[in-house]
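Asker: One structure, as structure tokens, below. Some questions next.
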Amino acid sequence: MDEEQIRQEAADEKLINEAFQTLLDSYLASRHRKKVDLITKAFNFARQAHKGVRRLSGEPYIMHPIAVAQIACQEVGLGSTSICSALLHDVVEDTDYTVEDIENLFGSKIAQIVDGLTKISGGIFGEQASAQAENFKKLLLTMSDDIRVILIKICDRLHNMRTLESQPANKQYKIAGETLYIYAPLANRLGLYKVKSELENLSFRFEHPDEYASIDKKLQKTQQQREMLFEQFKAPIKEALDKMGINYEIKQRVKTPYSIWNKMQNKHVSFEEIYDILAVRIIFTPKSREEEVNECFNIYVAISKIYKSHPDRLRDWLSHPKANGYQALHVTLMSKTGQWIEVQIRSDRMDEVAEQGFAAHWKYKDGLEDEEYTEDEAELNDWLRTIKEILDDPQPDAMDFLDTIKLNLFASEIFVFTPKGEIKTMPAGCTALDFAFSIHTFLGSHCIGAKVNHKLVPISHRLQSGDQVEILTSKAQHVNPSWINFVSTAKAKAKIQAILRRDNREVQKIGEDILQEFLQKNNFEMTPAIADQLAEFHDIKKRNDFFVALGEKTVLLGEKDIDELNGKNKKEESDSGWRKFVPFVGKKKKEDVPQQDLFIVPEKFNKKKPVYISEENINTYKFPGCCHPIPGDDALGYINNKNQIEIHKRTCPVAAKLKTSYGNRIVDIKWDMHKKLYFDATIRIGGIDRMGMLNEITQVISSQMNVNIHKLTITTEEGIFDGSIELRVHDRENVQAIINNLKKIPDLKEISQIM
């Protein structure tokens, strides 16, 4: 061996040993149980296995597993099992060692994780057309084995992105695109905010180097200006918080080039027009964990006395954390220089959860504060075990349940596979019927069921990420009106309604002919007024719906209809129409609503699960008069002193006090209503008075929207009118649709919903 080689080996040896020592130091500084021997054994084994192999960058290959283990330990907060798995993650794939060898030396848990990592690595850099989709499927499905597989894979990807410079350009684009498509959203859903930001930024840097360089340059140019603004802005805040005796620090956060670029694209604005490049973070140590939410609000009150706050930009993620566990109070304040600055208020615990994700949850688990932390099955604690159970659970609503523990992977979308392995992105909560319509209208309209993962399921079956779906059709199948209840996507709903409308026109024509014949036989002339009278007599609101009912033979004409037309039927004075359905609106007779006992919260009630309100149980909850929530409103439940659940809008001032003072009594509310019941809603209107204005307003509400106006109050003064309309609606969606349609009326300037 020549001198140069000896020198090179000595340099490599020094580099490797230093990197491993840094890893050990990081591990020893953590809260984990100290299993240094096991980590050293894994390191020596991996080092031997990868001996003589170099990366494209020229460094010894073992530097990559050490770097991945370092990220897992320091940036994601994982323990010895994960560190060993990270050190060994490429051994099975790149050398002659097998999973059995790993199991014999390091035990079944590490072998299982290494096996998972090996499975999802195969083909990611391969040339197969569907490698990305297939890999993504494996990635999601592997979560059911051990969530650490995903976490280590994310660490592996982060190190690959940090060292992407050495790859050729085409590989750079491929890996960067994949990172943005798969790994950044995964990191975000697991609450690894810092990792997610870095992955996005690195991807952006390699995919759009010119834009990245341009934004980076502008950020550097405006840095001094931001520093001055930050110093001026924080001075009075520091003074106020010092007086309050709070233990805190104030940091500035500058938007990443990627998030600036994203905003420029989405909002069609220039760099100069983005006002929230600078954000300020107030991170405090609460006097006690019970008080941390209260202290957040106390700080908010103190700083909003110094600076004027933006009324529409208060974001309360304290009572309802984001899907990935993120908690904070965001408020936007007007600085003395006339710029809006976002301030994020969070405790040290919330900050750690925001930066490190769920790994930080372990640290604050009851009983772990003073104990040394062990990494075995118990380490994944209840929070992680729940995820494991859910992902192992074959129930169709498993993904819905995931939402309730605030960790719904890709909360807004899922990935489904066709029988040929093509990936399709679908909204979460979609059904087999949605999927059928997303492929082709013919498939949707003739769908009789589906095979999901080779098992037969009905068209209403909810799909989950990773499902492989084959749609089954029959020429004899026709679209049914009840299908509207089985779909959640706009495309499927629109297609079903279009087909039903087309079918209805044919049925309607048959109904018109039946009525025409019946009236002629009884010496009556067919007029719109007579058709409307008979429709009302059969409790059908629209004339066309009446014709459809006749055509479908769900309404049969007879003697009573003739009596009605001759005025012989006695008018019955009774509370008809909406009131016989209404659970709690307006003045009602008690006998209209079946009396139900109020729900009493049992002793072992799981407050982490949401309470679902449906037509069947709505009367078992209390609806105080402070905010009148209706289905579709963002609502929360409060367990009162009698252990009954009160329902409030989340925006309700009473609820704001309850959230801060009785946070442990708050429960999440979800609506499970099906547009059967009616509720009170009041819309306030105002504008310029003119001829026909009132007629246009009532036309929109009654004729277009088919909504019952309960009370209308209008006052006019000097050409300006204002007033209120009380309506009977099914839910928030109804109200929004009415407001949107009213906005189209000229001279109607103000439209808002009264709480």
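The values are calculated or read from the model by the stated rules, or taken from the named source; none is laboratory data. The shown structure was predicted, so the numbers you read here are calculated from the model rather than taken from an experiment. Reconstructed Cβ throughout: ideal geometry from the backbone, glycine too, with neighbour counts over all protein chains shown. Just the protein is used for accessible areas: all its heavy atoms, side chains included, with ligands, DNA and RNA removed. Shrake-Rupley method; radii C 1.70, N 1.55, O 1.52, S 1.80 Å.
Asker: List the pairs from LYS234/LYS263; LYS622/LYS675; LYS243/LYS649 whose alpha-carbon separation is above 31 Å, in the order I gave them.
Answerer: Long pairs (Cα-Cα over 31 Å): LYS243/LYS649.
Asker: Just the number please: accessible area per residue for the stretch 689-755, 1.4 Å probe, all protein chains included, in Å².
Answerer: Working: 3890 Å² over 67 residues.
Result: 58 Å² per residue.
Asker: Here's something else I'd like to know. State the percentage of accessible surface on the stretch 1-80 attributable to carbon and sulfur atoms; use a 1.4 Å probe and exclude ligands, DNA and RNA.
Answerer: Here it works out to 53 percent.
Asker: Just check the stretch 8-118 against the gyration tensor rule for me: Cα atoms, a ≥ b ≥ c as the square roots of the eigenvalues, rounded for a/c under 1.5, and otherwise prolate or oblate depending on whether a/b exceeds b/c.
Answerer: Cα axes put the stretch 8-118 in the oblate bin.
Asker: Spelling out what I want: for every residue of the stretch 723-738, take phi, set θ = phi - 60°, compute 6.51 cos²θ - 1.76 cosθ + 1.60 (Karplus), and round to whole Hz; glycine and proline get x.
Answerer: So the Karplus estimates, Gly and Pro as x, are x, 9, 10, 8, 10, 10, 10, 7, 6, 4, 4, 4, 4, 5, 5, 5 Hz.
Asker: Which pairs break 26 Å Cα to Cα here: LYS493/LYS542; LYS251/LYS305; LYS194/LYS491; LYS109/LYS451; LYS553/LYS676?
Answerer: Table pairs above 26 Å Cα-Cα are LYS194/LYS491; LYS109/LYS451.
Asker: Could you report the accessible area of GLU292 in Å², rounded to 10, computed with a 1.4 Å probe on the protein chains as they sit in the structure?
Answerer: That residue has around 10 Å² of solvent-accessible surface.
Asker: Report, to two decimal places, the Cα Rg of the stretch 46-89 normalised by 2.2 N^0.38 Å (N = number of residues).
Answerer: 1.17
Asker: Hey, how much of the P(r) for the stretch 614-755 falls beyond 25 Å, as a percent of Cα pairs?
Answerer: So the portion of pairs separated by more than 25 Å is 38 percent.
Asker: A follow-up question, please. Does the stretch 413-464 come out rounded, prolate or oblate by the C-alpha gyration tensor, with a ≥ b ≥ c the root eigenvalues, rounded set by a/c under 1.5 and, if not, prolate when a/b is larger than b/c and oblate if not?
Answerer: rounded
Asker: Assigning unit charges at the beta carbon (Lys, Arg +1; Asp, Glu -1) and nothing else, what dipole magnitude in debye, to the nearest 20, does the stretch 1-92 show about its Cα centre?
Answerer: So the dipole magnitude of the stretch 1-92 works out to roughly 560 debye.
Asker: Moving to a separate point now. Based on the alpha-carbon gyration tensor of the stretch 239-294 and its eigenvalue square roots a ≥ b ≥ c, which shape applies: rounded if a/c is under 1.5, prolate if not and a/b is larger than b/c, or oblate? Before the final figure, lay out each step's value.
Answerer: On the way: a/c = 3.93, a/b = 2.73, b/c = 1.44.
Taking the square roots of the gyration eigenvalues as a ≥ b ≥ c, the stretch 239-294 is prolate.
Asker: Still on this model: Rolling a 1.4 angstrom probe over the protein heavy atoms, how many square angstrom per residue are accessible across the stretch 174-247?
Answerer: Per-residue value: 50 Å².
Asker: At what distance in angstrom do the alpha carbon centres of the stretch 481-515 and the stretch 704-755 lie from each other?
Answerer: About 29 Å separates the Cα centre of the stretch 481-515 from the one of the stretch 704-755.
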